[in-house]
Amino acid sequence: MAKKKFVVGCFDNEDVLFPAVKKVRTTGYKIKDVFTPFAVHGLDHALGMRETSLHTAGFIYGITGTTTALSCISWIFTKDWPLDIGGKPHFALPAWIPIMFELTVLFAAVGMVLTFCYLCQLAPFVKKHHFHLRATDDLFVMVIECTENTNTEDLKAFLTNNGAIETDVQMAEEGWWIGRYDKDEVLFEGATA
Amino acid sequence: MSVKYESQLREPLVYGNKTYHDVTEDIVRPIEAKPSKLWYIGFYISVCLLMFGVYSVYREVTYGIGQWNLNKTIGWGWDITNFVWWVGIGHAGTLISAILLLFRQGWRTGVNRAAEAMTIFAVMCAGQFPIFHMGRVWMAFFVLPYPNSRGPLWVNFNSPLLWDVFAISTYFTVSLLFWYSGLIPDFATVRDRAKTKLRKHLYGVAAFGWTGSTKHWQRHESLSLVLAGLSTPLVLSVHTIVSFDFATSVIPGWHTTIFPPYFVAGAIFSGFAMVQSLMVVVRKVFGLTDYITMGHIEAMNKVIVLTGSIVGIAYLTELFMGWYSQNKYEGYTFWYSRANLFSPYGWSYWGMMACNVLSPQIFWFRKMRRNLFVTFFMSVLVNIGMWFERFVIIVTSIYRDYLPSSWSVYYSPSIWEIGFYLGTFGLFFTCFFLFAKYFPTIAIAEIKYVLKTTGESYKDNMATIEQKQADEFAHEYAH
């Protein structure tokens with residue numbers, strides 16, 4: 001895991017953020033991410049992200065639940081231990097609908113949440129680099145990845161001109177690691193920015 | 001293209017001249033401050049109740065179900081009444097967060113977090129009753145279908161009681177996931193402004209390393225929407241299945257096809273009443289009156305008068321069918337055991353009628369809907385009424401069987417039955433007090449999302465924006 005260099009621009013208003021995102025992208029800089037305190041609608045499109053397919057995964061988990069319920073119950077009640085309940089048919093589909101429905105919902109919900117946590121790399125004790133602490137409070141934090149040719153001073157000035165109230169250059173680890181938020185770990189010797 | 005700004009005519013959802021930072025400050029303040037004396041008093045009372053409940057359950061587990069005054073005829077008494085009552089209360093949270101999300105009701109953002117918490121705690125309380133009613137509670141895992149050494153002898157998948165096992169456990173799991181996934185960004189907010197090391201560590205663990213990345217928000221939105229879509233039929237299914245416990249039987253008074261919608265309406269009714277009881281207090285104690293406004297309270301009171309009237313119609317329909325069916329057992333149950341005030345349990349029927357059908361009609365008046373005292377009083381009354389409803393359904397239907405020789409004597413609960421019920425209050429309020437102190441009681445990120453469209457200080461700009469958007473819309477349509 002290597003550290004990379006990023007230029008960080010903080011905005012305090014989403015109405016300023018959107019034109020700035022557009023400008024930065026058309027100028028040719030590569031926006032790594034924008035960290036926001038809440039879901040800003042349309043920002044994903046402005047950043048050119050594709051739609052998430054999480055809901056498709058949810059659908060697949062859901063039908064897995066339905067088929068699990070149906071196949072298990074029908075095997076149990078027709079093959080493994082056919083109970084005679086008042087002479088009623090062993091394959092009693094209408095009576096199984098409630099459980100099939102519940103398992104559909106259960107599988108879809110649990111599966112989606114786990115997938116969400118996996119994709120976003122969220123778990124207890126996971127730690128990541130935070131570019132600005134106020135990104136979860138009231139700032140919209142745009143992070144631009146630097147290449148060898150990037151002139152950080154120019155880029156900072158460019159962001160300021162486009163409405164950033166605060167700019168900064170940071171060396172940061174991109175991924176996640178196991179750590180505590182009350183301690184500042186130095187991941188590798190001499191790896192500080 | 002959707003209209004981004006709400007009409008100026010609508011009441012603001014957030015009062016005061018708030019910035020995003022103010023929202024964070026206001027909602028996180030109770031977490032960062034020391035708990036008040038009132039909090040400690042309430043918390044200790046809850047823990048005492050919980051302890052009494054634990055002792056009552058200990059008696060029941062050690063000496064058996066005989067500790068309760070259930071008998072051969074009245075096999076379901078306070079325990080199942082309390083179970084249905086708590087499950088009903090546990091319906092408002094998911095209704096507010098899921099159904100109102102799909103209906104795009106902006107006001108849900110103020111109350112959804114606390115209502116969801118309440119849902120989870122209420123379902124936890126509800127679950128205790130059927131589990132301990134099993135008697136040999138150490139065998140409770142027999143209700144789970146797993147390959148076992150008893151045959152394998154499977155559970156009966158055709159039984160509504162087993163559907164209940166699946167429905168309640170799924171409901172609890174999904175509500176918990178929905179609630180927690182919404183909490184993650186708010187925990188991150190608390191973490192990033194924490195001053196003490198312990199708080200930073202604990203909220204750091206709870207926040208799962210949330211950063212607020214746009215991609216993560218995009219997935220979070222998708223997750224919330226799908227979970228809401230799944231929870232909507234789920235919340236309706238849960239109380240439907242609870243009503244099947246009764247409706248699929250052949251007992252007069254239970255054998256009724258209107259039970260599912262009637263139970264669901266009743267559940268929403270009691271759930272909203274419980275949300276009102278709690279929120280009227282919480283908003284004052286934690287100074288959140290700008291976020292949980294009179295508008296929120298009025299909206300919930302409207303739901304209460306609607307659902308109260310739906311259950312009222314259900315009660316009248318049952319009475320009508322008791323006569324119209326010309327079935328003498330049905331007639332006896334509805335017209336003697338229930339509607340006759342002077343029959344042994346007639347008082348509970350009329351108590352239910354008074355609390356659930358007559359008194360909520362006061363909310364047709366706007367002044368009453370916006371009166372905090374009336375709201376609080378009514379919310380307690382509604383929950384008493386809904387407890388009566390379940391008691392009426394369960395006990396008045398079974399205390400006089402088809403066979404007069406097995407008619408029961410008058411059933412009144414033993415102290416340990418009451419203790420168990422009080423204990424679940426203890427459990428509920430202990431959890432709720434801890435939640436109110438250590439969790440963001442209002443969804444911070446969601447309030448920030450609606451702040452600029454519905455906040456009081458942003459309302460002035462809306463007329464122009466609304467006009468502009470209407471023009472754009474017309475323009476798009478013209479071409």
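Hey, can you tell me all the residues within the range B:158-201 that are under 27 Å from A:Pro89 (Cβ atoms) and in contact with a Phe, Trp or Tyr (Cβ under 6 Å, 6 or more places away or on another chain)? If the condition is that a residue be under 27 Å from A:Pro89 (Cβ atoms) and in contact with a Phe, Trp or Tyr (Cβ under 6 Å, 6 or more places away or on another chain), then B:Pro160 is the only one that fits. Please verify whether B:Pro233 is in a helix (DSSP H, G or I), over 21 Å from B:Met124 (Cβ atoms), without any contact (Cβ under 8 Å) to a residue 12 or more places away in the chain and more than 7 Å from chain A (Cβ to nearest Cβ), treating the condition exactly as stated. When the stated conditions are applied, B:Pro233 passes them. Across the range B:200-218, what is the total count of residues that are at the interface with chain A (Cβ under 7 Å from one of its Cβ atoms), over 20 Å from B:Lys448 (Cβ atoms) and of a type outside the set (Val, Ile, Thr)? So the answer is 4. Return a yes/no flag: does the range B:175-184 have any residue that is among the hydroxyl-bearing types (Ser, Thr, Tyr), without any contact (Cβ under 8 Å) to a residue 24 or more places away in the chain and more than 29 Å from B:Glu417 (Cα to Cα). Yes; the residues of the range B:175-184 include at least one that is among the hydroxyl-bearing types (Ser, Thr, Tyr), without any contact (Cβ under 8 Å) to a residue 24 or more places away in the chain and more than 29 Å from B:Glu417 (Cα to Cα).
Cβ-Cβ contacts under 7 Å between residues 6 or more apart (or on different chains), taken from a first residue in the range A:29-55 that is under 20 Å from A:Glu174 (Cβ atoms) and in contact (Cβ under 8 Å) with a residue 12 or more places away in the chain to a second residue that is part of a loop (DSSP other than H, G, I, E, B) and not polar (S, T, N, Q), are listed as A:Ile31/A:Leu47; A:Val34/A:Leu47; A:Phe35/A:Phe131; A:Phe35/B:Gly212; A:Thr36/B:Gly212. Taking the range A:97-120 as the range and being part of a helix (DSSP H, G or I), without any contact (Cβ under 8 Å) to a residue 40 or more places away in the chain and not aliphatic (A, V, I, L, M) as the test, the residues that pass are A:Pro98, A:Phe101, A:Glu102, A:Cys117, A:Tyr118. Candidates are the residues of the range A:127-151 that are facing another protein chain (nearest Cβ under 7 Å) and touching a helix residue (DSSP H, G or I) at 6+ places or on another chain (Cβ under 9 Å); the one that is farthest from A:Gly163 (Cα to Cα) is A:Lys127. Just one of (1) more than 8 Å from chain A (Cβ to nearest Cβ); (2) aliphatic (A, V, I, L, M); (3) crowded, with 20+ Cβ neighbours inside 10 Å fails for B:Val143. It is (3).
Criterion first (aromatic (Phe, Trp, Tyr), touching a Ser or Thr at 6+ places or on another chain (Cβ under 9 Å), crowded, with 17+ Cβ neighbours inside 10 Å and not in a loop (DSSP other than H, G, I, E, B)) does A:Phe158 satisfy it? Here the answer is yes, as A:Phe158 does meet what is asked. Inspection of the range A:9-17 identifies at least one residue that is farther than 30 Å from A:Ile97 by Cβ and touching a helix residue (DSSP H, G or I) at 6+ places or on another chain (Cβ under 7 Å).
Quick grid of which residues meet (1) farther than 21 Å from B:Ala265 by Cβ; (2) small (Gly, Ala, Ser); (3) at pLDDT 90 or above:
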{"residue": "B:Arg338", "(1), (2), (3)": "no, no, yes"}
{"residue": "B:Gly346", "(1), (2), (3)": "yes, yes, yes"}
{"residue": "B:Ile362", "(1), (2), (3)": "no, no, yes"}
{"residue": "B:Leu372", "(1), (2), (3)": "yes, no, yes"}
{"residue": "B:Ser379", "(1), (2), (3)": "no, yes, yes"}
{"residue": "B:Asn383", "(1), (2), (3)": "no, no, yes"}
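In the range B:241-249 there is at least one residue matching the filter, namely being at negative phi and within 7 Å of another protein chain (Cβ to nearest Cβ).
Checked against the criterion of being over 27 Å from A:Ala123 (Cβ atoms), buried (at least 21 other Cβ atoms within 10 Å of the Cβ), at the interface with another protein chain (Cβ under 8 Å from one of its Cβ atoms) and in contact (Cβ under 8 Å) with a residue 60 or more places away in the chain, the candidates B:Ala167, B:Ala122 yield just one match: B:Ala167. Taken as a whole, the structure leaves B:Gly110 outside the set of residues that are assigned to a helix (DSSP H, G or I) and more than 30 Å from B:Ala228 (Cβ to Cβ). Which one is surrounded by the most Cβ atoms within 10 Å (Cβ to Cβ) among residues in the range B:24-56 that are within 26 Å of the chain's Cα centre (by Cα) and of a type in the set (Val, Ile, Thr)? Applying the filter and picking the extreme gives B:Ile27. Assess whether B:Ile96 counts as being surrounded by fewer than 20 Cβ atoms within 10 Å (Cβ to Cβ) and closer than 27 Å to B:Met386 by Cβ. Here the answer is no, as B:Ile96 does not meet what is asked.
Listed by position, the helices (runs of 4 or more DSSP H) enclosed by the range B:366-479 that each have at least 2 residues that are over 26 Å from the mean Cα position of the chain (by Cα) and in contact (Cβ under 8 Å) with a residue 40 or more places away in the chain are B:444-454, B:459-478. On the given criteria, is B:Lys328 without any contact (Cβ under 8 Å) to a residue 40 or more places away in the chain, surrounded by fewer than 18 Cβ atoms within 10 Å (Cβ to Cβ) and farther than 19 Å from B:Gly16 by Cα? Yes; evaluated as a whole, the condition is true for this residue. Residue check: A:Ala157 meets all listed conditions (1) out of contact with any Lys or Arg (no Cβ under 9 Å at 6 or more places or on another chain); (2) touching a residue at least 24 places away in the same chain (Cβ under 8 Å) but one, namely (2).
The values are calculated or read from the model by the stated rules, or taken from the named source; none is laboratory data. Since the model is a prediction, treat every value here as computed from it, not as a measurement. FYI the Cβ positions are ideal-geometry reconstructions off the backbone, even for glycines, and counts take in every protein chain you see.
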